Structures are given as structure tokens and as C-alpha cells.
Amino acid sequence: MLINTTNLNISYDYPFHFNGGLALFFRQKTLNPKSDFHSSKALCQRSSMAIFGAMIARAYSSAATRSLRVCVVGSGPAGFYTAEKMLKAHEEAEVDIIDRLPTPFGLVRSGVAPDHPETKIVINQFSRVAHNERCSFFGNVSLGSSISLSELRQIYHVVVLAYGAESDRVLGIPGEDLSGVHSAREFVWWYNGHPDFNQFSPDLKNTDTAIVLGQGNVALDVARILLRPPAELATTDIASHALAALRESSIRKVYLVGRRGPAQAACTAKELREILAIKHLYVNIKQADLQITSADEEEMKSNRIRRRVFDLLSKASSSNQTRPSSGQRELHFTFFRKPDKFLESNDKSGHVACVNFEKTALKGSAGSGNQIAAGTGEYEDLKCGLVLKSIGYKSIPVDGLPFDHSKGVVPNIGGRVLSSRDVDQLEDGLYVCGWLKRGPTGIIATNLYDAEETVGSISEDLKKRGPTSKFASPKPGREGLLQLLENRNIQVVTFSDWEKIDSEERRHGSLSGKPREKLTNWKYLLELTTK
Ligand code: NAP
């Protein structure tokens, strides 16, 4: 949406408290773009005086009654839960959600596996939030390149950063940049039709073996997608490029490798049960790995999920077939191995052929926290043609944001961002939620509690500061944001623009018996919104 403000030369009635450069952007009052006016084309088509009058009246009444301007950065679960809670807790709040992608819902769209449609139902709840008249979604707006953090903080009273973790932890070992070595996130974004990964093409045809490093739920997701019969994925919303590649895949063996033991596996029972239930799958878990120590017992006593996972692995191990039948797909759980280096193929220059692992033993007592994996000095190689590193996602800081690089999070207390200049100080009006706040852990619903905490902190701060604080002085909020983006020629995607994309995806999907066919081309996605 490009909003045309040339006809609206109405001087702004707010005092400005920010620097000269930005103030220039807000001399004109712009439209409230919510609901009716989603594109410059629509604007031209409906430019009757009556409609303009109604819009201006709405913009003024919005300005008068809704004094708390809130911007949430990121439209994934943490962003939408924050918006929902803010709207509920503060009747005077007007909440704008921005996202760098032209599509909303973050991890629910790009992270949740295609064969987990029940997890995506939460999109209905988020859509209701987006339809709230005090809420707006603006996609294709990137914090850092479309608008800076300091600009956002000048335009809004409250900025909540909930943009998640869009990068990966690295191992920092030799050979990590060989082709055929990818992060699980890249693979997930590829099969989920993320527009940044429509050109990604993992080689699934020249090997029969994939190694997945890590044993968390993401590792189980990628292993399951590699091992499930493609016919079962064909009726999901998996990207068509991924389905085609999986249909031609020659991968038959997947090794899920953990640096610790079966009592420390990071996955949860439901997800483990699901992968173990794949039809005609040969599962290999060595009995010797299931010998546990008193420290393991101690760890599991205080962690019911770990106990259940261990019990499931033990059960699967004892019901193992002795060997796979010909052509059968195989899943191998390998414990007590940490990757030491990736080795290059002799036949295919620059491509991975093998992972060299160091065997490990657990060190430390359960009482002092988790036992850790220590190298034993014994090594072994495992041949493969594809490696997916599933060792955790990582958040990326933007300019001006205090950031703890070792933990990959924004330092905060209950969502209030701590200043990088003085650890006892808080960043005024700046909050975090979700993976950027607590690190890349937890299920979608974890963000509900997380958002509750952050919004609780915001509410306390607003109450404490009272009517004379900065929060009480007017800020341009939505109108200011849109004016600035327009001046920068940035095409904004509103929620109703997204609904056009949504219906086009559903239409495409219905042609091939899928709930939707995700559109993965940035240019096409943006073009569609202007139709
Ligand atoms: P995770 O649960 O933290 O698992 C990370 C795995 O990587 C662990 O096995 C960890 O082993 C291993 N690891 C970390 N650093 C390593 C290193 N340097 N060398 C070798 N191994 C290393 O992370 P995730 O799987 O990315 O999942 C992120 C969050 O999303 C989790 O909370 C997960 O439950 C959630 N999720 C949920 C679902 C679902 O509900 N269906 C699906 C996907 C994701 P150690 O334990 O030894 O550190």
C-alpha cells in the first residue's frame, strides 16, 4: 500500500518532541489506513468527498481518544499475543504490528511443520486481533532498513520487539561451510515456502544418508519430513518445490545425533511418538546407550518430559527389528557424539562426505544443573551427503539495541529492556517478547505467558509514570509511520492485502488438493497486493 498524502495538506495538531529531521516527515496529517484504504489504487477509486470526510473525521477522533501509540515489531506468536494483550489491557492503545515479510504469523507460517496443521489453527485467533479496529498490520516493513529503531521510538510511546530468531547458532568447527551442510532453519524455511528460501535447493538426490545434529523438536521435524512418505505430505501446505524434491529424494537413512544421552534428549514425548510411528520405518537405538547412571535418574526425577522421552526411547529400542529390510527407511538415534569436523568428499569437491565425531561422556552432577558432554578423545566418522545442524536458532540485533551476544537475547527484566550504557537503567518505552527476550525455546503457547509478562511490565510502567510522563505527550504513531514509509517509497502490505494473498494461496492449493499453496516469490507477493 502506498498512501497518497498529496491531497491532504492538513497541519498536524500534535506538539512534537523529537528531532528536526524526523519532524519534517509529520507536517501533514495522513490517513488512518485501517480497513477501507489498502492501496493507492483503491484510494484513487474511492476518492469521493464523503469518504475523505469520514476518513479524516476518523483520523482526528482516533488521535483524540487513542493516545497510547504502540508498535510491535514482528507478527509471529509473540507479536500477536503482545498486541492482543495490549489491546485488552489498554482501551486507549492503538497497536501497529510491523513485519519484514509481506505475510504475517512468523513462526506459525514459516516454522511449524506442514504436517502439524492443528498447531496453525492459532492463526484464526491472530486474524481476529488484526481485525480489531485499534490494530493494524504493516508487512514488508523491515526494522533496520525501512525504519530504524530510534525512529520507531520517536514515533511511538511503546515499542515491543518480538521479531524472534532469524539466524542460527554455529558449531565453529572445520568444514562447516562445505556444501551439503545446512542449518535446520534453512531447510525448514525451504519446505515451508519462506520467500527468502525459494532458490534454496538441498541436494537430496545424490546420497542415501542425512545426519541431523541435535535432538530437539526441530531436529525431529526435519528428520520426519525427510522420512515420511511424500504421499502423506502431498495434502499438507508444504511448498511445492520441497514436495517435488522429496518425491525424488534418495535419502533412506537419517541419523539423529545427540552430544549427550537418551536421558537428556531435548525433544518432547508427543513429537518423539510421532516420528516413531512413521509407517514401515526401521528404528535403531542401541541398548548400550540406554544404561543410565544415578545422575541421569536424578535429572529425570525433576523433569517429567525427559523421563517420558527416555521411556519411549527404551520401548522403541526393545521393539527394534534386528536389521532393516531392503529399501526400508531408517532412523538411527545416536547418542554421546559431538561433531568435531566435517570432511570433504574426494569425488565432489567442496561437498560434505562425512562427519567426524568425538565420543563423549557426561560430566558434572545432576544436582549442580545439567550434566554436560565432555570429549573422550575417541573419534569416529559417519558418512553422509547431507547435514542439517539443528542446534538452535539465534536472534540478530539491530542498531541501537542492547544485546547479549553470548546468550543471543536482549537483556531485560520481565520484558523491560536494560540499557547497554548503564546496567541499572532501563531503556525508556522499549520492551521485548518471545525468542528475542528469552532465547529460542518453548512452544507457541509459551509466548502467551511471555506476552502477559511483558504487557504487565508495560502497564506497571504506564501507571507509575502518570500523566506528566513522556507517555502522556502525544506521538504520531501510525500516521507518522506511514508518512515516513511513504517518503521512503516503501510498499506497505496491510492485513487486507494479506487476505488477498491468503485467498490466492488457498485457490492455488485447492487445485492440487492442498489447504494452500504458499506463494514464495517476493515480487509476486507484492504485485498481488496491488491488484
Ligand atoms: P532445542 O530444543 O534447544 O534443541 C537443541 C539441540 O541442539 C539439543 O539437542 C542440544 O543438545 C543440541 N545442541 C546445542 N548446541 C550444540 C552443539 N554445540 N553441539 C551439538 N549439539 C548441540 O532447540 P530446537 O530443536 O531448535 O527447538 C527450539 C524450541 O522450539 C524448543 O523449545 C522446541 O521444543 C520448540 N519446538 C517445538 C515444536 C513442537 O512443539 N512440535 C516443534 C519445533 C520446535 P544439548 O541438550 O546437549 O544442549
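The values are calculated or read from the model by the stated rules, or taken from the named source; none is laboratory data. Model, not experiment: these values are computed from the prediction. Every residue, glycine as well, gets a Cβ built from its backbone with ideal geometry; the counts of neighbours run over all protein chains shown. In case anyone asks, the SASA skips ligands and DNA or RNA and just uses the protein heavy atoms, side chains included. Shrake-Rupley method; radii C 1.70, N 1.55, O 1.52, S 1.80 Å.
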- Filter pass, Gln215 being open to solvent by 10 Å² or more (accessible area, probe 1.4 Å) and either over 19 Å from Gly180 (Cα atoms) or among the hydroxyl-bearing types (Ser, Thr, Tyr) (or both): yes
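Every residue, every condition in (1) out of contact with any strand residue (DSSP E or B) (no Cβ under 7 Å at 6 or more places or on another chain); (2) more than 16 Å from the ligand (Cβ to nearest atom), yes or no:
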position	(1), (2)
Ala231	yes, yes
Arg252	no, yes
Val257	no, no
Gly261	no, no
Ala269	yes, no
Glu274	yes, no
Lys279	yes, yes
- Message: Checking the condition touching a Phe, Trp or Tyr at 6+ places or on another chain (Cβ under 8 Å) and open to solvent by 10 Å² or more (accessible area, probe 1.4 Å), which residue from Arg259, Arg252, Arg228, Arg247 passes?
- Response: Arg259
- Query: Which of (1) without any contact (Cβ under 8 Å) to a residue 60 or more places away in the chain; (2) under 25 Å from Thr268 (Cβ atoms); (3) open to solvent by 70 Å² or more (accessible area, probe 1.4 Å); (4) touching a Lys or Arg at 6+ places or on another chain (Cβ under 9 Å) does Tyr379 not meet, given it meets every other one?
  - Reply: (2)
- Among (1) open to solvent by 20 Å² or more (accessible area, probe 1.4 Å); (2) under 17 Å from Ile238 (Cα atoms), where does Lys514 come up short? (1)
- Among the residues of region 81-128, how many are on the phi > 0 side of the Ramachandran plot and open to solvent by less than 10 Å² (accessible area, probe 1.4 Å)? 1
- Message: Go through (1) out of contact with any Gly (no Cβ under 9 Å at 6 or more places or on another chain); (2) under 24 Å from Asp208 (Cβ atoms) for Val355 and report which single condition fails.
- Response: (1)
- Under 7 Å by Cβ, and 6 or more places apart or on different chains, what pairs join a residue from region 280-308 that is more than 22 Å from His332 (Cα to Cα) and small (Gly, Ala, Ser) with one that is open to solvent by less than 90 Å² (accessible area, probe 1.4 Å) and modelled with pLDDT under 95? Ala295/Ser365; Ala295/Ala366; Ala295/Gln371
- Query: What single numbered condition from (1) open to solvent by 20 Å² or more (accessible area, probe 1.4 Å); (2) over 21 Å from the mean Cα position of the chain (by Cα) fails to hold for Leu233?
  - Reply: (1)
- Query: Do we find a residue being in contact with a strand residue (DSSP E or B) (Cβ under 6 Å, 6 or more places away or on another chain), more than 16 Å from the ligand (Cβ to nearest atom), open to solvent by 50 Å² or more (accessible area, probe 1.4 Å) and more than 18 Å from Ala165 (Cα to Cα) anywhere in region 409-429?
  - Reply: yes
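Residue-by-condition table, conditions (1) modelled with pLDDT of 95 or more; (2) under 27 Å from His405 (Cα atoms); (3) more than 16 Å from the ligand (Cβ to nearest atom); (4) in contact with an Asp or Glu (Cβ under 6 Å, 6 or more places away or on another chain):
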| site | (1), (2), (3), (4) |
| --- | --- |
| Gly175 | yes, yes, no, no |
| His182 | yes, yes, no, no |
| Phe197 | yes, yes, yes, no |
| Leu213 | yes, yes, no, no |
| Arg247 | yes, no, yes, no |
- Residue that is modelled with the highest pLDDT [pool: residues in region 276-296 that are within 34 Å of the chain's Cα centre (by Cα) and open to solvent by 60 Å² or more (accessible area, probe 1.4 Å)]: Ala277
- Item | Residue check for Arg273: assigned to a helix (DSSP H, G or I) and either open to solvent by 70 Å² or more (accessible area, probe 1.4 Å) or closer than 24 Å to Pro339 by Cβ (or both) | yes
- Message: Let me confirm something: among Ser150, Ser179, which residue is of a type in the set (Gly, Ala, Ser), open to solvent by 30 Å² or more (accessible area, probe 1.4 Å) and under 30 Å from Thr236 (Cα atoms)?
- Response: Ser179
- Message: Tell me yes or no: at least one residue of region 335-345 is open to solvent by less than 20 Å² (accessible area, probe 1.4 Å), part of a strand (DSSP E or B) and within 16 Å of the ligand (Cβ to nearest atom).
- Response: yes
- Residue pairs meeting the criteria (Cβ under 6 Å; at least 6 apart or on separate chains; first within 29 Å of Val170 (Cβ to Cβ), in region 323-346; second part of a loop (DSSP other than H, G, I, E, B) and open to solvent by 60 Å² or more (accessible area, probe 1.4 Å)): Lys338/Arg259; Lys341/Pro174
- Message: Looking at the structure I just gave you, is Leu171 among the hydrophobic types (A, V, I, L, M, F, W, C), more than 11 Å from the ligand (Cβ to nearest atom) and touching a residue at least 60 places away in the same chain (Cβ under 8 Å)?
- Response: no
- Item | Filter result (free of Cβ contacts under 8 Å to residues at least 40 places away in the same chain and more than 13 Å from the ligand (Cβ to nearest atom)) within region 79-119 | Lys88, Glu91, Glu92, Phe105
- Query: Can you pull out the residues in region 213-228 that are within 17 Å of Asp115 (Cβ to Cβ) and hydrophobic (A, V, I, L, M, F, W, C)?
  - Reply: Val218, Ala219, Leu220, Val222, Ala223, Ile225, Leu226, Leu227
